[in-house]
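To start, the structure itself, in structure tokens.
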Amino acid sequence: MHAILPAWTDPDPELHARLGQVIDPERKVLAAIERILPLAGKRVADVGTGIGHYPMLLARHTGRTYGIESDQALLEAARQRATASHQPNLRIVEGTPEHLPLRDDAVDVVLSGLIEPDDASLPAIAEALRVLRPDGRLIVIGYYGRDAMSALLEPEVVAHAREATQRRTGWWLRHGFKIKVVHSRIDVSDPDVALQILPRLYGDRALAFLMGPHPPSLELKLGLYHLAAADAR
């Protein structure tokens, strides 16, 4: 969820649950991750898991899935959901991107929506590589842009995404990441749900969008920025 959330978004479990329903409803992100690295039997760590959205979807297919979160309200909600799911290979643990509660070479995949295309993210990348097995993969879920969603976001956010994803010169490629673009959407077909969520996140731009004639979904392009541990060592 973090890919398109403004920095001031409240760590509200109810909001995260609603976003999990309307963002990428066809689960195209998970299908694209599977094409990067098949997850069956793998150990996966989802860093900044929120209420455990991705671990809950992944746990039936992976060997072990860790949801890692630092916010206490989201952490508690994720633990409650994990307990209710009765999935023995799912663990929710406290940690930050710079201090993961995992040993060296512990997992095959690290997912993260918290790593930004900025040199300030280099410690988090180094920590992700520490816990990855030699043939593992770091996969960052971020905003790619060039879509209808851009109209709701702050112009500097959109410009930063475009700059970071430029071929040859963008931050991701300069730091060894490959880019896979996922053509997804945000479902705004339920007017009540859309009115509860979008203006809360995007203010007047969202209100103007919802008050006029609009399609039942917003085009959303997400980037899967992936780095093989072997290539980074």
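Computed from the coordinates by the stated procedures, all read-outs in this text should not be read as laboratory data. Everything numeric here is computed off the predicted structure, so don't read it as measured data. When we count neighbours, we look across all protein chains shown, and the Cβ atoms used for this are built from the backbone with ideal geometry, even at glycine.
State the Cα centre-to-centre distance between the stretch 166-225 and the stretch 29-95 in whole Å.
Each part's Cα centre sits 23 Å from the other's.
Counting other C-beta atoms within 10 Å, which of LEU198, LEU210, LEU129 has the fewest, and how do the rest follow? Walk me through the numbers before you get to the answer.
Details: LEU198 20, LEU210 14, LEU129 17.
Lowest to highest Cβ neighbour count: LEU210, LEU129, LEU198.
I need to check one value: relative contact order of the stretch 75-206, counting alpha carbon pairs closer than 8 Å and at least 6 residues apart, in percent. Each step should come with its number before you reach the end.
Values: 114 pairs, mean separation 22.6, N = 132.
The value is 17 percent.
From the backbone phi of the stretch 52-57, what are the Karplus-calculated ³J(HN,Hα) couplings (6.51 cos²θ - 1.76 cosθ + 1.60, θ = phi - 60°) in whole Hz, Gly and Pro given as x?
Each residue of the stretch 52-57 in turn: x, 4, 6, x, 5, 6 Hz.
Give me the aspartates and glutamates in straight-line cross-link reach of LYS180: C-alpha distance below 14 Å, same-chain residues under 8 apart excluded.
Excluding near neighbours in sequence, the set is GLU34.
About its Cα centre, what dipole magnitude does the stretch 1-124 give when the only charges are +1 on Lys and Arg Cβ and -1 on Asp and Glu Cβ, stated in debye to the nearest 20? Could you put the intermediate results ahead of the total?
Values: 12 positive and 18 negative charges, 154 e Å.
About 740 debye.
What percent does the relative contact order of the stretch 7-232 come to when contacts are Cα pairs within less than 8 Å and at least six residues apart? Don't jump to the answer; show the numbers that get you there.
Details: 404 pairs, mean separation 46.7, N = 226.
Averaging sequence separation for qualifying contacts and normalising by length gives 21 percent for the stretch 7-232.
Compare the peptides 102-111, 154-163 by average per-residue count of other Cβ atoms within 10 angstrom and give them in order, highest first.
On the way: 102-111: 20.2, 154-163: 14.6.
Per-residue Cβ counts within 10 Å, averaged per peptide and sorted highest first, yield 102-111, 154-163.
Amide H neighbours of GLY63 under 5 Å, counting only residues 5+ apart in sequence or on other chains, H built in-plane at 1.01 Å?
Here GLY41, LYS42, ARG43 satisfy the definition.
How would you rank TRP171, TRP8, going from fewest to most other Cβ atoms within 10 Å of each one's own Cβ? Before the final figure, lay out the partial values.
Working: TRP171 18, TRP8 6.
Result, fewest neighbours first: TRP8, TRP171.
Expressed as a fraction of 2.2 N^0.38 Å, the rule-of-thumb size for a compact globular protein of N residues, what is the C-alpha radius of gyration of the stretch 7-232?
Values: Rg = 17.4 Å, N = 226, 2.2 N^0.38 = 17.3 Å.
With N residues counted in the stretch 7-232, Rg over 2.2 N^0.38 Å equals 1.01.
Among ARG60, ARG43, ARG167, determine the one that fluctuates most according to a GNM of the chain built with springs between C-alpha atoms less than 10 Å apart.
With Cα springs under 10 Å in the chain, the top fluctuation among ARG60, ARG43, ARG167 is at ARG167.
Looking at the chain, what % of its DSSP beta bridges pair antiparallel, to the nearest 5?
On the way: 19 of 38 bridges.
Of those bridges, close to 50 percent are antiparallel.
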